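The values are calculated or read from the model by the stated rules, or taken from the named source; none is laboratory data. It should be emphasised that the depicted structure is a prediction, and the values quoted were computed from it without experimental measurement. Cβ sites come from the backbone with ideal geometry, for glycine too, and all protein chains shown count toward neighbours.
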Amino acid sequence: MNSINYDDLPHNNILCVDMKSFFASVEAVAREMDPLKVFLAVVGDKNRESSVVLAASPLLKEKYNIKTGNRFYEIPEYSEIKIVNARMGLYLETSLQITRLFNNFVPLDALHVYSIDESWLKLDGTERLLGDKYQVAKKIRNELLKKFGLHCSMGLGPNMFLAKVAMDIEGKKKGFAEWTYDDVPHKLWPLALDECWGIGSRLKKRFNRLGIKTVGELAQLSLTYLEKRFGIMGSQLYYHARGIDLSKVEGHYREQPKNLGRGITLLHDYKNEEEIRTVIFDLSEEVAKRSREKGLVGKTISLGIGYSREELNGGFYVQRSLKQYTNLTHDVYGTCLDLFSENYRGEVVRKINVALGNFSSHTAGQLNLFINKTKENKICKTKDEIEDKFGYRALFYGRSLKKGSVRKKIKTTTGGHKTF
């Protein structure tokens, strides 16, 4: 089944760290509780019974089987269970502090932040100052507990894939697990497809229809077959099924974003076209402001409209590139309005997304912006400064006073949930 010579492959020391029940644990610590001894659920909005559970403490999962994705109304009404609203700003700030802690152990170019609660660290080269890979992992665990009161799961492997799977399969149960290439036949291959990172439910069903149910059975398929059937993903599946991953742990903090966007799922269906335009304006202002804060100007503006379930069509996603770079609110909004008018036919709307991309931070692009629209640039700059100093209520466009505005929700939530 396996003709790979593993001796020729990289044998790095990659550590995958996942913060245990991150949102719920942060909330427990903030309330001076032990994350491992409290029954706590984090929900999007306690005022809505249908609100989604965003995180559950380990005990709540174990005793009541309440997990991420459950609904608020499914949580038993017992006094020992504490239910709190999500505070995304708190979680983001804690995540940033954790990343800074990781940076004390490895340089930024040896650190990859995968998500708000999960990272990879390349430990090669830390031996002289910090000890071997096991000692470093232990020190990191102890520092996380000491400074933040947070527990974590760890996986160690010769590459990012094996470190991640080791953490998912064994590390979450034991706290720490190490997988090597020698473990591939008896640890990786017996896994059901959906137990393996990178294979979702849809992909699993496609393989199941072919009679493929385990990673080992997947590893029997040829590279030619998988690439022909699944394209570039087929190549990744072929190598991952053999425990191979040539991806490099590289810091990505200095990379310029491809685009900046903001979307919202509305609390109710929007049928009034003027109210929909108001939401588009609020999102356009937020995207433009974020671009100005980062010193970026873009040429490509995108608009996504998602319809209500009662509509037969799902919606549309369109974009347009301008002749000149911009980060001005009315440029973004005006282009979005054009796209909206060209594609909207009176359907009921539930989701809206606006994005600015194709960025440049070059002086030439900025000069065109400043020369041609000096007055509007000054207005935006002044407004941004006042808002940053005195808060989002201090100064804003009159459009955001109109019915349907979501400005308050945008300014007070992250990812659709309360910031603090």
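Those residues that are of a type outside the set (Asp, Glu), under 16 Å from Cys16 (Cβ atoms) and either surrounded by 19 or more Cβ atoms within 10 Å (Cβ to Cβ) or without any contact (Cβ under 8 Å) to a residue 12 or more places away in the chain (or both), I need them from segment 173-196; list them, please.
Lys173, Lys174, Ala177, Trp179, Lys187, Leu188, Cys196, listed by residue number.
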*Is it true that Leu145 is free of Cβ contacts under 8 Å to residues at least 12 places away in the same chain and either hydrophobic (A, V, I, L, M, F, W, C) or not in a helix (DSSP H, G or I) (or both)?*
yes
*Return the pairs, sorted by first residue and then second, in which the second residue is hydroxyl-bearing (Ser, Thr, Tyr) and in a helix (DSSP H, G or I), the first residue lies in segment 339-362 and is touching a residue at least 40 places away in the same chain (Cβ under 8 Å), the beta carbons are less than 8 Å apart, and the residues are 6+ apart or on different chains.*
Val354/Ser284; Leu356/Ser291; Phe359/Ser291
_All helices (runs of 4 or more DSSP H) inside segment 179-269 with 2 or more residues being among the charged types (D, E, K, R)_ = 201-209, 223-230
*What are the pairs, 6+ residues apart or on separate chains, where a residue within segment 80-105 that is not assigned by TED's automatic domain parsing to the domain that holds Ile410 and surrounded by 19 or more Cβ atoms within 10 Å (Cβ to Cβ) has its Cβ under 7 Å from a residue that is part of a helix (DSSP H, G or I) and at pLDDT below 95?*
Phe105/Leu130
*Which of (1) at pLDDT below 80; (2) in a helix (DSSP H, G or I); (3) crowded, with 17+ Cβ neighbours inside 10 Å does Phe396 not meet, given it meets every other one?*
(2)
_Restricting to segment 212-247, and then to whatever is surrounded by fewer than 16 Cβ atoms within 10 Å (Cβ to Cβ) and hydroxyl-bearing (Ser, Thr, Tyr), can you tell me which residue is nearest to Ala163 (Cα to Cα)?_
Ser247
*Considering only segment 143-183, how many residues are over 27 Å from Tyr239 (Cβ atoms) and either at pLDDT below 95 or under 26 Å from the mean Cα position of the chain (by Cα) (or both)?*
10
